[in-house]
Amino acid sequence: LDGLYLLFDENGDFRDFRYKYYKALQTLMLNNYARKIYNYCDKNGYEFTGHYIQETSLVGQMQCCMGIMPFYEYQHMCGVDWLGNVVGNSVVFRQLASVAAQTGKKNRICETYGCTGWDATPAELKRIGEFQFLHGVNVMCQHLIPYSESGERKRDYPEHFSPFNGWVKKGFKEFNVYFNKLREILVNSEEIVETAVFHPIRSAYFYFKDCDDSDDKGIGELESSFSSLTEKLDSAHIPFHYIDETILGERGKAENGVLRVGEARYTTLIFPKIYTMDASSERLVKEFAESGGKVWLYDGKPTYKESKPYSYDYLESNVGLSDIVKALPYKTAEDKDVAVSYRKAADG
């Protein structure tokens, strides 16, 4: 209680207090909410699915759960939400896909098409759905099918997929058959990913004060670096996952230039701007780097281990973007707006 003011005041050892405080909050919510529901469903023959909120930004995740990715581990069908008819970048879907790949979860759901508007065309919806599926989703939960459009219902996050919608009568079956076929391809293949991006959520613990501080210098810099790196890798057609430190601590292992996180293995580790990492993460990163792992410091190196100053003398870039692209086992169009998923199935 004596230290609570340090959540809002950057004096003294505020980083130490915030780091421990927010990590404790995440641990409590994981153990007393997500894990409890998951275990109950597991025991009683149900599958736990759905989505949490504010998965898009670091500030949103700090507001709600102190890091969304570990929560996907405790869902049988892990899920996200996407509102509106803007595609945006791939962060939300890659967070989901990364945990699913690392924990062996086949089914990944997205509640989609809420807030697209009555004027959204089937072609727009197809583009949105394809973007989600390409970056990790393979089950679509369409928002919304109301029993009636009377009263306020017609303004409840349209558009709606009911007989009141003209094109639904004519072409909704074909629309769904298309995505079912796309799902079949994705579920029966595996994306080949050897590059991982270190997720900066722990560093957000240092500077989060309230849900309106997205422009704050501390978190704003993290957000900008993380988002721009994601867009740069997407534009270069490099398949990649994110590494969350909670999951890394539970499932990580480093040897012979390979970092394993559960069922996934990575030979290249990229760091956006981060200020700190867990002690368990630092040990694995050091083992990875010193055993020949490829490292790209996109935006400098951290200066803390947990909440204490620390020198990462061993951590230096030994590859860059062009090196990662050259090492890819395929060539693609140079158009940065082309999105790529490199996959292996039974027939190649």
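The values are calculated or read from the model by the stated rules, or taken from the named source; none is laboratory data. Computed from a prediction, not measured in an experiment: that's the story for all the values here. When we count neighbours, we look across all protein chains shown, and the Cβ atoms used for this are built from the backbone with ideal geometry, even at glycine. Each accessible area value is taken on the protein alone, full model and side chains, heavy atoms only, with ligands, DNA and RNA left out. Shrake-Rupley method; radii C 1.70, N 1.55, O 1.52, S 1.80 Å.
Below are the figures for this structure:
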| item | result |
| --- | --- |
| Residues satisfying the stated conditions in region 259-273, i.e. under 19 Å from Ser224 (Cα atoms) and open to solvent by 10 Å² or more (accessible area, probe 1.4 Å) | Lys273 |
| Pairs with Cβ under 7 Å, 6+ apart, first in region 177-194 and open to solvent by less than 40 Å² (accessible area, probe 1.4 Å), second in a helix (DSSP H, G or I) and among the hydroxyl-bearing types (Ser, Thr, Tyr) | none |
| Residue in region 11-34 that is in contact with a Leu (Cβ under 9 Å, 6 or more places away or on another chain) and modelled with pLDDT under 95 present | yes |
| Unique residue being of a type in the set (Gly, Ala, Ser), out of contact with any His (no Cβ under 9 Å at 6 or more places or on another chain), open to solvent by 30 Å² or more (accessible area, probe 1.4 Å) and in a helix (DSSP H, G or I) when the list is Gly292, Gly249 | Gly249 |
| Among residues of region 98-125, those that are open to solvent by less than 10 Å² (accessible area, probe 1.4 Å), closer than 16 Å to Val137 by Cβ and small (Gly, Ala, Ser), counted | 3 |
| Where a residue in region 75-100 is within 17 Å of Ile128 (Cα to Cα) and its partner, wherever it lies, is small (Gly, Ala, Ser) and not in a helix (DSSP H, G or I), with Cβ under 6 Å and at least six apart | Gly79/Gly50; Leu83/Gly114; Asn85/Ala120; Phe93/Gly136; Leu96/Gly136; Ala97/Gly136 |
| Residues located in region 274-289, provided they are without any contact (Cβ under 8 Å) to a residue 40 or more places away in the chain and surrounded by fewer than 19 Cβ atoms within 10 Å (Cβ to Cβ) | Ala279, Ser280, Arg283, Lys286, Glu287 |
| Residues satisfying the stated conditions in region 329-348, i.e. among the small types (Gly, Ala, Ser) and not in a loop (DSSP other than H, G, I, E, B) | Ala345 |
| Which listed residue is part of a loop (DSSP other than H, G, I, E, B), more than 13 Å from the chain's Cα centre (by Cα), surrounded by fewer than 17 Cβ atoms within 10 Å (Cβ to Cβ) and not acidic (Asp, Glu), from Tyr46, Tyr74, Tyr33, Tyr40 | Tyr46 |
| Qualifying residue in region 148-162 (condition: surrounded by 13 or more Cβ atoms within 10 Å (Cβ to Cβ) and under 18 Å from Gly79 (Cβ atoms)) | yes |
| Candidates Asp299, Asp244, Asp234, Asp210, filtered to the one that is within 20 Å of Ala97 (Cβ to Cβ) and open to solvent by 10 Å² or more (accessible area, probe 1.4 Å) | Asp234 |
| For Gly218: the one exception among (1) at pLDDT 95 or above; (2) within 24 Å of the chain's Cα centre (by Cα); (3) surrounded by 16 or more Cβ atoms within 10 Å (Cβ to Cβ) | (1) |
| Matching residues, region 49-68, being outside any loop (DSSP other than H, G, I, E, B), of a type in the set (A, V, I, L, M, F, W, C) and open to solvent by less than 30 Å² (accessible area, probe 1.4 Å) | Leu58, Val59, Met62 |
| Subset of region 318-348 that is polar (S, T, N, Q) and out of contact with any helix residue (DSSP H, G or I) (no Cβ under 7 Å at 6 or more places or on another chain) - its residue that is most open to solvent (accessible area, probe 1.4 Å) | Asn318 |
